[in-house]
Amino acid sequence: MRIAMISEHASPLAVLGEEDAGGQNTHVAELAAALVGEGHDVRVYTRRDSTSLPESVSTPDGYQVCHVPAGPACRVPKDQLLAYMGEFGRWLADRWRHGDWRPEVAHAHFWMSGLATVHAGRRTGVPVVLTYHALGTVKRRHQGARDTSPPGRAGYERALGRAVDRVIVQCADEVGELVRMGVPRSRMALVPSGVNQGVFRPDGPAAPRDPARPRILTVGRLVERKGFLEVVRALPAAPDAECVVVGGPPADLLPADAFARRLRALAESCGVADRVRLIGGVPREEMSRWYRSADVLVAAPWYEPFGLTPLEAMACAVPVIGTNVGGIADTVVDGLTGDLVPPRDPRALGRAIRRLLADKLRRFAYATAALDRIRSRYSWKRCAQQLGAVYAAVATAARPAPAVA
């Protein structure tokens, strides 16, 4: 099939850890590559955010990235992009109507991409599938006045859920949230993300470490909702362990990062500054080395639409302690592949870390079960096959029935 993937702010070519660059970028890149592997013709449309970007880029994985001229050709925070989605959608409609390539299905990633894609789909007859990746109702519930989403986001998301041909949900928590919003369950298909098991695997080099000191790893963008402050507050409960934080800007820019400074100040006040290491953002191909170096991955977000880092750690045979939220509640089986704790609870987190680091046999059992779970349920190939079936179904439904004489 000819498949268009629309990801207005999250380019698969972006460097992870930068502002607004995280799990969605990885998801789009890995999914596009897996769909190509299944024989599909894939083009990813993302906003042109630099004058130096070419109109299109052919990737080594076989898909093409098209840079859409919508808004200024510079970095704009994603929450300020709504004003340019009409322009984005018009460009897509014109290109699909008059260009030499027209998709059989369009898969939008994030609600703003959904707006642009529905605009184009209705003008060209292309069926539309939507993955939200995050919901405004959940973000508002957890961030309150600090939520910078555009006004009316929840209303747009509700309308999109009723307008698109199919909603791809990633976890059971998202299903419940959307049903409460008024999106019909019959419009949803549950397809969790995958993990690249060629990159993330137990064997291979590991980042250097002190073998006498247990290592806790935590990974993600340096933002408050990822729970890094809670991890630092939990660290006194594990007095022999070091905590390595991977993510955020490159190491040389960390001193200028406000949240990195806040983390370091908290570590000082908790008396653990000598045991907290901020690595900064690292290239994706190096992440497996950091996972393999760890005794445990701690993923402690306040909320998490899906969460790829637990999957990546599990694929490297590393046990996970995660907060019992969103996709983590689906991927980590409490007491089997890892431990789940309440979000924003440093004491519970500290107890879980101390217990797991003290029990080598439990860590081995969790790691073994985690690896088995990844191999049986969370490959990108399986994800691409499931989505391919959804795409075929909506494309067939959108096609007019042949005339009967």
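Return yes or no: is Leu235 of a type outside the set (Lys, Arg), in the same structural domain as Leu340 (by TED's automatic domain parsing), modelled with pLDDT of 95 or more and in contact with a Ser or Thr (Cβ under 8 Å, 6 or more places away or on another chain)?
no
Just for the stretch 37-51: of the residues that are within 20 Å of the chain's Cα centre (by Cα) and either under 21 Å from Val199 (Cα atoms) or not hydroxyl-bearing (Ser, Thr, Tyr) (or both), which one is surrounded by the most Cβ atoms within 10 Å (Cβ to Cβ)?
Of everything passing the filter in the stretch 37-51, Arg47 is surrounded by the most Cβ atoms within 10 Å (Cβ to Cβ).
If you go through the stretch 52-73 one residue at a time, do you hit one that is more than 27 Å from Ala397 (Cα to Cα), exposed (fewer than 14 other Cβ atoms within 10 Å of the Cβ) and in contact (Cβ under 8 Å) with a residue 24 or more places away in the chain?
no
Within the stretch 103-113, is even one residue at pLDDT 95 or above, in a loop (DSSP other than H, G, I, E, B) and either surrounded by fewer than 15 Cβ atoms within 10 Å (Cβ to Cβ) or over 20 Å from the mean Cα position of the chain (by Cα) (or both)?
yes
Out of the strands (runs of 3 or more DSSP E) lying entirely within the stretch 26-75, which hold 1 or more residues that are touching a Gly at 6+ places or on another chain (Cβ under 8 Å) and modelled with pLDDT of 95 or more?
Answer list for the stretch 26-75: 41-47.
Take Trp91 and tell me if it is touching a strand residue (DSSP E or B) at 6+ places or on another chain (Cβ under 7 Å), surrounded by fewer than 22 Cβ atoms within 10 Å (Cβ to Cβ), at pLDDT 95 or above and over 25 Å from Lys381 (Cβ atoms). Walk me through it before giving the result.
Details: touching a strand residue (DSSP E or B) at 6+ places or on another chain (Cβ under 7 Å): yes; surrounded by fewer than 22 Cβ atoms within 10 Å (Cβ to Cβ): yes; at pLDDT 95 or above: yes; over 25 Å from Lys381 (Cβ atoms): yes.
Yes.
Counting just the residues of the stretch 154-177 that are of a type in the set (A, V, I, L, M), surrounded by fewer than 23 Cβ atoms within 10 Å (Cβ to Cβ) and in contact (Cβ under 8 Å) with a residue 24 or more places away in the chain, which one comes out farthest from Ser113 (Cα to Cα)?
Ala172
Among the residues of the stretch 295-344, which ones are within 23 Å of Ala134 (Cα to Cα) and free of Cβ contacts under 8 Å to residues at least 60 places away in the same chain?
Within the stretch 295-344, Glu304, Pro310, Val320, Ile321, Gly322, Asn324, Ile328, Val332, Val333, Leu340, Val341, Pro342 qualify.
A quick yes/no check of all residues on (1) assigned by TED's automatic domain parsing to the domain that holds Gly326; (2) touching a strand residue (DSSP E or B) at 6+ places or on another chain (Cβ under 9 Å); (3) assigned to a loop (DSSP other than H, G, I, E, B):
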{"residue": "Trp101", "(1), (2), (3)": "no, yes, yes"}
{"residue": "Val138", "(1), (2), (3)": "no, no, no"}
{"residue": "His142", "(1), (2), (3)": "no, no, no"}
{"residue": "Thr148", "(1), (2), (3)": "no, no, yes"}
{"residue": "Glu157", "(1), (2), (3)": "no, no, no"}
{"residue": "Arg162", "(1), (2), (3)": "no, no, no"}
{"residue": "Asp173", "(1), (2), (3)": "no, no, no"}
{"residue": "Arg180", "(1), (2), (3)": "no, no, no"}
{"residue": "Arg209", "(1), (2), (3)": "no, yes, yes"}
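Out of (1) farther than 17 Å from Pro301 by Cβ; (2) surrounded by 18 or more Cβ atoms within 10 Å (Cβ to Cβ), the odd one out for Val245 is which?
(1)
The values are calculated or read from the model by the stated rules, or taken from the named source; none is laboratory data. All values derive from a computational prediction rather than experimental measurement. As a convention, Cβ positions derive from the backbone with ideal geometry for all residues, glycine included, and neighbour counts pool all protein chains shown.
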